[in-house]
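The structure's right below; bear with me while I get my questions together.
Every number in this text was worked out from the coordinates using simple rules, so none of it is lab data. This one's a predicted model, so the numbers in the text were calculated from it and none came from an experiment. Here the Cβ is made from the backbone with ideal geometry for all residues, glycine too, and neighbour counts use every protein chain on show.
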Amino acid sequence: MLIRNARLADGTIVDIRIEGEHIAAMGHDLPAAVPMVDAEGALALPAFVEGHTHLDKTFWGAAWYRNEVGPRLIDRIENERATRRGNGLDPLAQAERLALDFLALGTTRIRSFADVDTEIGIRHVEALVTLRERLRGLMDIQVVAFPQSGLLIRPTTLDLLEAAMQAGADVVGGLDPAGIDRDPKGHLDAVFDLCSRFRAPLDVHLHEPGELGAFSMELIIERTRALSMQGRVVISHAFCLGDVAPARAMALYDGLAEAGIALATTAPPSRAVPSVKAARAAGVTIFGGNDGIRDAWTPYGAPDMLQRAMLIGLKNEFRRDDEIALAMECVTTAGAIGCGFEGAGIATGDRADLVLLPVETVAEAVVGQPRDRLVISHGRIVAQGAALMPELSPAE
Ligand SMILES: [Zn+2]
């Protein structure tokens with residue numbers, strides 16, 4: 001396939017030749033190929049990366065869920081378990097519905113958590129592993145085995161987490177080692193041990209505030225270095241970095257950089273968050289995700305990473321074009337680096353996963369979020385105008 005007249009982020013207009021699943025050449029007046037797409041100056045971006053979501057428990061496309069949940073984290077966890085018992089939703093069907101809507105809007109790589117607990121066992125992990133295989137060649141999905149209800153406080157959950165890794169989960173998940181499990185050393189020793197045994201990366205939800213979160217973060221940094229897991233550990237949320245004094249935060253960013261730990265941020269309006277600029281200045285990869293979308297935790301979120309990029313831009317008070325481009329990196333190349341997805345970018349040799357948008361600049365894409373998108377995944381056109389190509393649309 002040849003894409004003529006695509007606009008790159010720096011404004012230059014190029015032709016992009018795709019062979020098989022990859023970008024084979026970029027340049028001017030490349031020899032014509034069949035099929036050919038004339039982008040007519042549309043902005044070409046790397047396809048989006050959703051670096052942190054929970055496909056397994058979304059109500060996306062189902063009846064509206066009336067949220068009357070209490071304010072504490074534990075209220076939300078208990079409510080979710082109760083809701084799940086009664087709503088009859090199939091995690092595989094729900095996850096597929098949301099994943100395909102992500103694809104229609106330009107996301108080709110997703111890291112999704114899947115709950116593991118004493119009630120559902122590893123059912124949700126199995127559902128997402130099935131989805132990952134079903135969509136292989138169309139989207140890349142990483143499955144994180146995630147102890148949403150706590151790990152050590154609910155005996156046998158650790159055994160289930162191990163079973164989830166055996167069942168094909170890609171990444172080990174952790175959760176508030178002090179705040180939920182109240183045993184940071186025990187929790188982190190357990191999840192890092194699983195990582196060592198399964199040679200798997202780690203992604204820890206760290207909602208813990210202030211010094212408590214900073215303490216847990218230091219323990220994660222120590223273990224990442226001791227086990228030489230640089231480049232394979234993500235801390236999600238990391239609200240503590242927004243809570244502590246600037247000098248303390250700087251020292252933590254430096255520690256994260258030295259340990260090669262990346263940060264995932266959802267940039268929620270409700271909490272202080274890691275600063276995209278401070279993280280990058282220290283050499284820390286920071287990337288974006290929705291977290292849950294339309295579930296028992298939150299009614300918000302959408303399978304549109306341009307919306308998330310805008311929220312990251314707003315939260316970080318980005319106004320300049322070069323700043324808003326950083327928000328875009330959070331949902332494209334930085335997300336790929338943080339999650340370990342390879343070949344994301346627009347250069348010869350990268351996988352041909354692209355989004356063409358009818359705008360001239362990256363900042364315009366972030367604030368305008370046009371839905372008129374041409375999405376290319378693995379070298380073929382998969383969606384246009386926010387709709388999947390007919391042959392890819394779900395049967396229902
Ligand atoms: Zn989450």
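Taking into account only those residues within the stretch 368-387 that are out of contact with any Gly (no Cβ under 7 Å at 6 or more places or on another chain) and surrounded by 18 or more Cβ atoms within 10 Å (Cβ to Cβ), which is nearest to Leu311 (Cα to Cα)?
By that ranking, first place goes to Gln369.
Test each condition in (1) in a loop (DSSP other than H, G, I, E, B); (2) touching a residue at least 40 places away in the same chain (Cβ under 8 Å); (3) touching a Pro at 6+ places or on another chain (Cβ under 8 Å) for Gly349 and report the one that comes out false.
(3)
Inspect the stretch 161-179 for any residue being part of a loop (DSSP other than H, G, I, E, B), closer than 29 Å to Ala249 by Cα and more than 16 Å from the ligand (Cβ to nearest atom) and give the result as yes or no. Walk me through how you get there before you give the answer.
To start, the set of residues in the stretch 161-179 that are part of a loop (DSSP other than H, G, I, E, B) comprises 167-170, 176-179.
Those left that are additionally closer than 29 Å to Ala249 by Cα: 176-179.
From the residues that got through so far, the ones that are more than 16 Å from the ligand (Cβ to nearest atom) too are 178.
Taking every residue of the stretch 161-179 in turn, at least one turns out to be part of a loop (DSSP other than H, G, I, E, B), closer than 29 Å to Ala249 by Cα and more than 16 Å from the ligand (Cβ to nearest atom).
Determine, yes or no, whether Ile110 is within 16 Å of Ile293 (Cα to Cα), within 15 Å of the ligand (Cβ to nearest atom), part of a strand (DSSP E or B) and in contact (Cβ under 8 Å) with a residue 40 or more places away in the chain. Walk me through how you get there before you give the answer.
Numbers: within 16 Å of Ile293 (Cα to Cα): yes; within 15 Å of the ligand (Cβ to nearest atom): yes; part of a strand (DSSP E or B): yes; in contact (Cβ under 8 Å) with a residue 40 or more places away in the chain: yes.
Yes.
Look at the stretch 234-273 and say how many of its residues are in a loop (DSSP other than H, G, I, E, B), within 21 Å of Ala336 (Cβ to Cβ) and away from the ligand (no atom under 15 Å from the Cβ).
1
Restricting attention to the stretch 223-233, and to residues there that are among the polar types (S, T, N, Q) and not in a helix (DSSP H, G or I), which single residue is farthest from the chain's Cα centre (by Cα)? Quick ask: steps written out before the conclusion?
Narrowing the stretch 223-233 to residues among the polar types (S, T, N, Q): 224, 228, 230.
Of the ones still in play, those that are also not in a helix (DSSP H, G or I) are 228, 230.
Numbers: Ser228: 23, Gln230: 19 Å.
Applying the filter and picking the extreme gives Ser228.
Exactly one of (1) surrounded by 18 or more Cβ atoms within 10 Å (Cβ to Cβ); (2) part of a loop (DSSP other than H, G, I, E, B) is unmet by Arg132. Its number?
(2) is the only condition that Arg132 fails.
Small (Gly, Ala, Ser), outside any strand (DSSP E or B) and within 16 Å of the ligand (Cβ to nearest atom): is that true of Gly137 in this structure? Walk me through how you get there before you give the answer.
Values: small (Gly, Ala, Ser): yes; outside any strand (DSSP E or B): yes; within 16 Å of the ligand (Cβ to nearest atom): no.
Taking the combined requirement at face value, the residue does not satisfy it.
Yes or no, residue by residue, for (1) within 21 Å of the chain's Cα centre (by Cα); (2) surrounded by fewer than 23 Cβ atoms within 10 Å (Cβ to Cβ); (3) under 30 Å from Pro370 (Cα atoms):
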position: Phe102; (1), (2), (3): yes, no, yes
position: His124; (1), (2), (3): yes, no, no
position: Leu138; (1), (2), (3): yes, yes, yes
position: Val143; (1), (2), (3): yes, no, yes
position: Gly168; (1), (2), (3): yes, yes, no
